[in-house]
Amino acid sequence: MATFLPLSFMLLHLLQISISAYANTEGDALYALRRAVKDPTNVLQSWDPTLVDPCTWFHVTCDSENRVTRLDLGNAKLSGNLVPELGKLERLEYLELYMNNFVGTIPSELGGLKNLISLDLFHNNLTGFIPPSLSKLSRLRFMRLNGNRLTGRIPRDLTKLPNLKIFDVSSNDLCGTFPTWGSFSKLTEESFKNNPRLEGPELMGSVRYDDSDGN
């Protein structure tokens, strides 16, 4: 005789499968970062890929549904490249990777972190240009990229970020001018200082740049 499971049990089982799938995806994304970096002080030692749930790992914070919301690895003596897999952390709100020795470019995939509130990559050795995809981060309040070796122009679409409060790209090697409208209208020149090739503020409508390649 066939046995029928209660609907509530089936829904709970499906929810558990869904949470497990997300945990696996997010765990894989974080472990990709661990594989890509050197960790001389073993701050990532607890990042064990055999554990399904990355919420048990140090420096990782999750919400009630076991989705990663914070990654706190500031001043952790890490070196290496940031990985595009970080863009899979869909509920990430705080990405704190400041004061390390990360090199290479900022992955454009970070523009997919639609819940991100704070992006702190300051005081690393990042190169390349600021990805225009970061203009998709509509919840972003803090973007601190100062103290790197970033080049190229500042993407104009960043001025459309509605919640941006702090934007700091000082002490890089950016060029061109910086916008003074939209969310940038309340920023001071301190946000842009120590960029020898950055010429000064741009009045809206005076010059148009193609930001597609950051050059």
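The values are calculated or read from the model by the stated rules, or taken from the named source; none is laboratory data. What you see is a predicted model, and the numbers here were worked out from it, not measured in a lab. Note: ideal-geometry Cβ built from the backbone for every residue, glycine included; neighbour counts use all protein chains shown. These accessible areas exclude ligands, DNA and RNA; they are computed on the full protein's heavy atoms, side chains included. Shrake-Rupley method; radii C 1.70, N 1.55, O 1.52, S 1.80 Å.
Some observations on this one:
- Residues in the stretch 31-43 that are within 18 Å of Val103 (Cα to Cα) and open to solvent by 80 Å² or more (accessible area, probe 1.4 Å): Arg35, Lys38, Pro40.
- In the stretch 93-105, the residues that are over 11 Å from Asn75 (Cα atoms), open to solvent by 10 Å² or more (accessible area, probe 1.4 Å) and of a type outside the set (Ser, Thr, Tyr): Glu93, Val103, Gly104
- Residues satisfying the stated conditions in the stretch 44-67, i.e. assigned to a loop (DSSP other than H, G, I, E, B), open to solvent by less than 70 Å² (accessible area, probe 1.4 Å), under 22 Å from Gly87 (Cβ atoms) and of a type outside the set (S, T, N, Q): Leu44, Trp47, Asp53, Trp57, Asp63, Arg67
- For the stretch 162-178, the set of residues classified as aromatic (Phe, Trp, Tyr) and either out of contact with any helix residue (DSSP H, G or I) (no Cβ under 9 Å at 6 or more places or on another chain) or open to solvent by 10 Å² or more (accessible area, probe 1.4 Å) (or both) consists of Phe178 only.
- Cβ-Cβ distances below 6 Å connect the following pairs, each with a first residue in the stretch 39-58 that is among the acidic types (Asp, Glu), a second residue that is outside any loop (DSSP other than H, G, I, E, B) and at pLDDT below 95, and a separation of six or more residues or different chains: Asp53/Ala23.
- Residue within the stretch 185-200 that is in contact with a helix residue (DSSP H, G or I) (Cβ under 6 Å, 6 or more places away or on another chain) and surrounded by fewer than 17 Cβ atoms within 10 Å (Cβ to Cβ) present: no
- Checked against the criterion of being on the phi < 0 side of the Ramachandran plot and assigned to a strand (DSSP E or B), the stretch 156-166 contains one or more residues that satisfy it.
Let's see how each residue does on (1) closer than 19 Å to Pro196 by Cβ; (2) surrounded by 20 or more Cβ atoms within 10 Å (Cβ to Cβ); (3) without any contact (Cβ under 8 Å) to a residue 24 or more places away in the chain:
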{"residue": "Arg91", "(1), (2), (3)": "no, no, no"}
{"residue": "Leu110", "(1), (2), (3)": "no, yes, no"}
{"residue": "Ile117", "(1), (2), (3)": "no, no, no"}
{"residue": "Arg149", "(1), (2), (3)": "yes, no, no"}
{"residue": "Lys160", "(1), (2), (3)": "no, no, no"}
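Yes or no, residue by residue, for (1) within 9 Å of the chain's Cα centre (by Cα); (2) within 21 Å of Pro40 (Cα to Cα):
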residue: Asp72; (1), (2): no, yes
residue: Thr105; (1), (2): no, no
residue: Leu113; (1), (2): yes, no
residue: Arg144; (1), (2): no, no
